[in-house]
Structure formats: structure tokens, C-alpha cells
Amino acid sequence: MVWQHSFNSGRIFIMKKLLVIIVLGLLWCTNGVANDFKLKRWNVPSVDKPWIRDSSNNFSQKRDSAIAYDKELIEILHKNPDMVQVHPGAEFTPGIPSTAATFSKEIRINLRSSTEHEYWISTGLYASAGEKITATLSDYLSKLGLKIQIGAHTDGDHAYAMKSVRRFPFITYSWPLNKKNVVANSAFGGLIYIVVPRNLSKEVETYVKFYHETILISGAYLSPRYVHGKTEISTWIDLIRDYPAPWAELESDKVILTVPSHAIRNLNKPDELMNFWSRAMDAAADLASISRERKIPERYVTDPNWEWGAHSGYPIMMAGPWYPYLLNYKKIGLNYWWGTFHELGHNHQMQEWIWQGWTEVSCNLWSVYILETVAMVKREQTIDGGSLSKHNREIQIENFIKEGRRFSMLQKKPILALEHLLQLEQVFGWELFIKLHKKYRLMPENQKPKTDNEKIQQFIIYTSEITGSNLISFYKAWGFPIDDWTINTVNRNWPNTSSLNMQLLNTLMPPI
């Protein structure tokens with residue numbers, strides 16, 4: 001029976017290998033060569049020649065099929081490193097290093113246990129498109145579910161959904177590190193990462209640290225990488241910032257910034273920059289009532305091929321125009337910096353008080369808080385267009401009142417909805433939200449609100465409890481739907497409203 005099982009397993013393996021060979025052979029016969037991409041240099045999307053969607057937000061069938069064809073072909077070729085060639089879009093995406101020598105480098109593997117999500121270990125190395133790299137690791141590491149990843153731009157579907165598509169969307173790929181020697185070859189190239197799965201045990205973390213486990217990566221180019229508190233500034237200036245790879249990283253234990261290398265060639269004081277970012281990240285943690293010591297650093301990755309926009313996640317992705325603002329903290333750039341911390345706010349905001357229309361509301365607290373307390377920007381100057389100037393805030397509220405104080409208006413206009421949170425802050429300070437987040441974090445899972453109405457009622461009760469004030473009239477003025485049970489609970493427990501001095505709201509409180 002054992003022999004039969006082994007025979008069948010071996011036969012299945014051979015059949016899979018034959019299938020790959022047949023597919024590659026068909027591609028070879030059909031197209032002349034196995035890597036005959038449909039997209040060529042002249043028709044691949046780029047900054048100079050973007051693909052613009054039509055009024056129905058569609059591309060032509062020809063363009064859709066070209067993307068799908070090339071994506072499938074790339075994934076097939078990536079299974080056979082010897083057959084990978086440079087995709088025409090590689091010139092416009094990560095970029096190809098200038099002529100330089102490749103290096104071999106041992107990467108120290110510092111694992112972190114009990115992480116909720118997989119994370120990346122930066123290596124300071126870059127794989128050029130169409131050039132093989134080799135990872136050599138121990139038997140122990142090969143059993144942990146690690147991967148090697150080439151590229152930082154993992155948002156292919158998001159990039160492809162844009163109105164203006166300026167690069168081939170699917171440019172980042174990974175390979176399992178499941179044997180002692182793994183060869184990878186990317187049609188696009190990119191920075192090299194070790195991807196670590198979530199929820200590794202403490203025992204694994206301790207073992208890897210005790211035995212100084214490393215992974216040797218060969219065939220790669222050096223990329224500029226500054227590690228806060230470890231990289232000597234003189235070495236950075238004299239050597240590291242001139243490494244040939246087209247992408248660079250500035251790293252601390254709190255945040256990692258991934259930007260084009262040309263943006264840091266003249267960066268003389270990365271330590272001061274990362275000190276600012278450490279203060280910003282600590283402020284974000286404080287407002288969220290979490291530890292300043294992060295299990296894994298947040299990541300920002302800029303994409304010169306995006307015309308505009310950003311999205312939260314791991315990593316936080318930002319359009320190309322953002323990178324100067326990530327680096328020049330002495331010239332806070334209004335909407336760019338608002339957006340920078342807006343996306344960070346998404347990574348910190350709590351689902352317990354996010355209801356319909358509120359996803360783009362509470363995250364803005366992080367923009368205001370960090371820009372005010374760390375960057376020392378006046379509130380009215382924190383967002384472009386002057387939306388938070390006293391005059392514009394008053395106009396917003398006047399319009400809200402004229403329209404009948406409809407809660408649905410708050411759900412459709414994030415800046416208007418932010419107003420009531422800022423009013424609460426003006427009276428009770430940021431400590432209100434810090435205590436609120438702490439209360440939610442300490443709450444047993446079975447007590448957390450599930451429906452939107454439960455979230456709204458609990459939010460009203462908790463803010464009244466934390467401030468020791470009866471806030472029913474305040475939320476009525478803002479059009480909140482309030483249940484009788486909530487009104488009775490607040491009236492019974494916190495009847496006193498004297499601490500809510502409406503005069504402190506600078507006439508912005510909408511009277512009823």
C-alpha cells in the first residue's frame with residue numbers, strides 16, 4: 001500500500017511537470033517564443049501613454065485580454081526561472097538598475113511571534129528584471145512557510161481598477177522558501193523581501209534568534225537602505241545612498257518608507273527624518289490606545305505610476321506625487337500630509353464605532369491629531385482648501401441646519417461628520433478619544449456592538465460616561481438616531497450637563 005501510494009504520488013508529480021512543459025510548448029509554438037508578451041514597449045501602459053477608461057469605466061476587450069494573457073504567461077514562466085525574460089512594462093515599473101555588480105548577502109531572520117498578519121523583512125537587496133536570484137536557507141527555515149518576494153507593489157487589482165492606468169498592474173510575485181535552495185526570477189524585478197506568515201509561535205522566534213538563522217541571497221543588487229539607530233550617517237552619505245537599485249527604503253521599528261532611489265540621493269539627515277516619523281507613529285499609537293512598541297512596522301510604498309490616490313493596508317500605498325512629502329517633513333504639504341495620516345488612521349480606527357458612512361470619518365482624527373501635536377500645524381491649515389477654517393466650518397453647519405439636520409448628510413460628507421468629533425475634542429480634549437479606544441479594547445468580544453444601531457447607541461453612552469456629561473442634546477443637534485433606552489440610560493447616570501460648556505465651541509455648536 002505504501003509503495004502504491006508513492007507510485008501514484010510520483011505519477012501525479014510527473015503529470016504536473018508534463019502539463020507545464022506542454023503549456024510552455026504550446027506558447028512557444030503559438031507565439032514563436034515562450035515569452036512573447038502581447039504587450040510591447042509601444043503599447044504597454046505608462047506615465048507617458050496611460051490607458052484611460054471610457055465613460056463606462058471600461059477598457060477595450062483587446063486591452064483587457066492583453067493584460068490577462070501577459071499575467072497568465074508571467075505566472076507560468078515564473079515557475080521556470082530559466083525561461084523568464086524582461087516584460088516590456090518593467091522599464092516603467094520598478095525600473096532596471098544601471099550596470100553594476102551583483103552581490104551575495106546573508107539576511108538575518110528576526111522573526112516576530114503572534115502577529116495577526118504576515119509581514120515582510122526588508123533585505124536591502126534588489127532583483128533586476130529577468131535575472132535569477134538564489135536563496136539558500138537551513139532545513140529548519142524551509143519548514144516555516146516563509147516566502148521570498150520580489151517587488152513592493154502588491155496592489156495589482158487596485159492599480160488595474162484606476163481610471164488612468166499607467167503601468168502593468170501585476171508586478172510583484174513571491175516564491176515559497178520550502179527547500180534549501182530556491183531560485184526566483186521576476187519579469188519585472190523589484191526590492192527583495194522575506195515574507196513571514198502570521199502567528200508563528202514564541203518557540204520558533206526564540207529558536208531562530210538563538211541560532212542566528214540567516215538566508216543567503218545571491219545574484220542581487222544593493223539597494224539604498226537606512227535602518228534608524230543602526231546605519232551610520234557617514235556610511236549612508238558616503239556609500240549606501242548611492243547604491244544602484246532604483247528603489248530605496250528608510251526603516252525604523254515603527255515605520256518603513258519605500259521610495260524611488262533618486263528621491264534620497266541627497267538626503268543628508270535620515271536620522272532627523274525618522275525621528276519625526278517615530279514621533280508621528282507614537283502619536284498614532286497613543287490616540288489608538290495601543291502600545292508604542294509595534295509588533296511590526298507600518299509600511300508606506302509610493303508608486304510613481306499612479307496619477308493620484310492612496311489606500312490603507314499593509315503596505316499603505318500612495319501615488320507618486322506623495323514621496324517628496326514623506327521625506328520633507330519640514331515643509332508640511334497640506335492635503336498630502338492630511339492624506340498620509342488619513343490612511344494611517346484607517347489602519348488604526350476601531351470597527352466598534354464605524355457604521356455606514358463612517359469609514360472615512362473617524363480616520364481623520366489621526367490626521368488632525370498628528371499634524372497638530374507632532375507637526376505643530378494649526379487646525380485650520382491641516383487640510384487643503386481651508387475646510388477646517390472657522391468660516392468654512394460655520395458655513396457647513398449652517399447648511400446642515402438648513403437641510404434639516406439629517407443624519408444621512410453626515411454619512412455622505414466625511415468632513416461635515418468630522419465636525420462633531422472636533423467639537424467634542426474642543427471641549428473635552430483628545431483624552432476623550434484615547435479613553436474611548438481603551439474602553440473598546442478592554443471590552444470582552446461578546447459585549448462588542450454588532451449592528452450599526454448598536455454601535456451608535458453605545459458610542460453615545462460611552463462618550464457620555466467618559467466625559468461625565470449628558471450628551472443627548474448634543475447628539476440630537478447633530479441628527480443622530482437615538483433610542484429611548486439610550487436617552488433613559490444617559491439621563492439616569494449622567495444628568496449633569498454643566499461640564500459641557502457650549503460657549504467653548506466657538507459658536508460652532510448647532511443649536512436646537
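Computed values, structure above
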{"read-out": "Pairs, first over 17 Å from Phe474 (Cα atoms) in segment 409-434, second open to solvent by less than 10 Å² (accessible area, probe 1.4 Å) and at pLDDT 95 or above, C-beta under 7 Å, six or more apart", "value": "Pro414/Val361; Pro414/Asn364; Trp430/Leu287; Ile434/Leu287"}
{"read-out": "Count of segment 185-214 residues which are under 24 Å from Lys254 (Cβ atoms) and in a strand (DSSP E or B)", "value": "7"}
{"read-out": "Given (1) at pLDDT below 95; (2) in a loop (DSSP other than H, G, I, E, B), index of the condition Thr302 fails", "value": "(2)"}
{"read-out": "Residue check, Glu360 over 24 Å from Lys455 (Cβ atoms) and either free of Cβ contacts under 8 Å to residues at least 24 places away in the same chain or surrounded by fewer than 22 Cβ atoms within 10 Å (Cβ to Cβ) (or both)", "value": "no"}
{"read-out": "When residues of segment 228-268 are limited to those that are open to solvent by 60 Å² or more (accessible area, probe 1.4 Å) and acidic (Asp, Glu), the one farthest from Gly313 (Cα to Cα)", "value": "Asp238"}
{"read-out": "Search result, residues across segment 392-403 that are open to solvent by 30 Å² or more (accessible area, probe 1.4 Å) and touching a residue at least 12 places away in the same chain (Cβ under 8 Å)", "value": "Glu394, Gln396, Ile401"}
{"read-out": "Out of Tyr314, Tyr325, sole residue that is under 17 Å from Leu371 (Cα atoms), surrounded by fewer than 21 Cβ atoms within 10 Å (Cβ to Cβ) and among the hydroxyl-bearing types (Ser, Thr, Tyr)", "value": "Tyr325"}
{"read-out": "Members of segment 404-450 that are outside any helix (DSSP H, G or I) and open to solvent by 70 Å² or more (accessible area, probe 1.4 Å)", "value": "Arg406, Lys413, Lys450"}
{"read-out": "One residue from Lys202, Lys163 being in contact with a Ser or Thr (Cβ under 8 Å, 6 or more places away or on another chain), touching a residue at least 24 places away in the same chain (Cβ under 8 Å) and among the charged types (D, E, K, R)", "value": "Lys202"}
{"read-out": "Candidate set: segment 462-481, residues that are under 33 Å from the mean Cα position of the chain (by Cα) and under 23 Å from Lys438 (Cα atoms); chosen: the one least open to solvent (accessible area, probe 1.4 Å)", "value": "Thr463"}
{"read-out": "Output for segment 485-501, where each listed residue is over 21 Å from Glu352 (Cα atoms) and part of a helix (DSSP H, G or I)", "value": "Asn488, Asn491, Arg492, Asn493"}
{"read-out": "Matching residues, segment 145-168, being part of a strand (DSSP E or B) and buried (at least 20 other Cβ atoms within 10 Å of the Cβ)", "value": "Lys147, Ile148, Gln149, Ile150, Val165"}
{"read-out": "Residue that is nearest to Ile354 (Cα to Cα), among those in segment 458-478 that are of a type outside the set (Ser, Thr, Tyr) and modelled with pLDDT under 95", "value": "Trp478"}
{"read-out": "Filter result for Tyr160 (out of contact with any Asp or Glu (no Cβ under 7 Å at 6 or more places or on another chain) and modelled with pLDDT of 95 or more)", "value": "no"}
{"read-out": "Members of segment 287-306 found to be crowded, with 16+ Cβ neighbours inside 10 Å and of a type outside the set (A, V, I, L, M), listed by number", "value": "Ser289, Arg294, Pro297, Glu298, Arg299, Tyr300, Thr302, Asp303, Pro304, Asn305, Trp306"}
{"read-out": "Residue within segment 60-71 that is surrounded by 15 or more Cβ atoms within 10 Å (Cβ to Cβ) and over 17 Å from Ala187 (Cα atoms) present", "value": "yes"}
{"read-out": "Within segment 451-481, tally of residues that are in contact (Cβ under 8 Å) with a residue 60 or more places away in the chain and not in a helix (DSSP H, G or I)", "value": "4"}
{"read-out": "Residue list for segment 169-184, restricted to those being open to solvent by 10 Å² or more (accessible area, probe 1.4 Å), in contact (Cβ under 8 Å) with a residue 40 or more places away in the chain and assigned to a loop (DSSP other than H, G, I, E, B)", "value": "Phe170, Lys180"}
{"read-out": "Tally of residues being over 13 Å from Asp36 (Cβ atoms), outside any helix (DSSP H, G or I), open to solvent by less than 50 Å² (accessible area, probe 1.4 Å) and in contact with a helix residue (DSSP H, G or I) (Cβ under 9 Å, 6 or more places away or on another chain) across segment 81-97", "value": "2"}
{"read-out": "Every residue from segment 100-113 that is within 19 Å of Ser142 (Cα to Cα) and either modelled with pLDDT under 90 or part of a loop (DSSP other than H, G, I, E, B) (or both)", "value": "Ile109, Asn110, Leu111, Arg112, Ser113"}
{"read-out": "Tyr193 vs. criteria touching a Leu at 6+ places or on another chain (Cβ under 7 Å), of a type in the set (Ser, Thr, Tyr) and open to solvent by less than 10 Å² (accessible area, probe 1.4 Å)", "value": "no"}
{"read-out": "Qualifying positions in segment 45-95 - closer than 18 Å to Ala161 by Cβ and either among the acidic types (Asp, Glu) or more than 26 Å from the chain's Cα centre (by Cα) (or both)", "value": "Asp54, Ser55, Ser56, Asn58, Phe59, Ser60, Gln61, Arg63, Asp64, Ser65, Ala66, Asp70"}
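For every residue, the table says whether it meets (1) under 20 Å from Ile192 (Cα atoms); (2) not in a loop (DSSP other than H, G, I, E, B); (3) not acidic (Asp, Glu).
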residue: Ile256; (1), (2), (3): yes, yes, yes
residue: His262; (1), (2), (3): yes, yes, yes
residue: Glu272; (1), (2), (3): no, yes, no
residue: Trp277; (1), (2), (3): no, yes, yes
residue: Arg292; (1), (2), (3): no, no, yes
residue: Tyr329; (1), (2), (3): no, no, yes
residue: Phe341; (1), (2), (3): no, yes, yes
residue: Glu352; (1), (2), (3): no, yes, no
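The values are calculated or read from the model by the stated rules, or taken from the named source; none is laboratory data. A quick note: this is a predicted structure, and the numbers were derived from the prediction, not measured. Cβ sites come from the backbone with ideal geometry, for glycine too, and all protein chains shown count toward neighbours. What goes into the accessible areas is simple: the full protein's heavy atoms, side chains included, and nothing from ligands, DNA or RNA. Shrake-Rupley method; radii C 1.70, N 1.55, O 1.52, S 1.80 Å.
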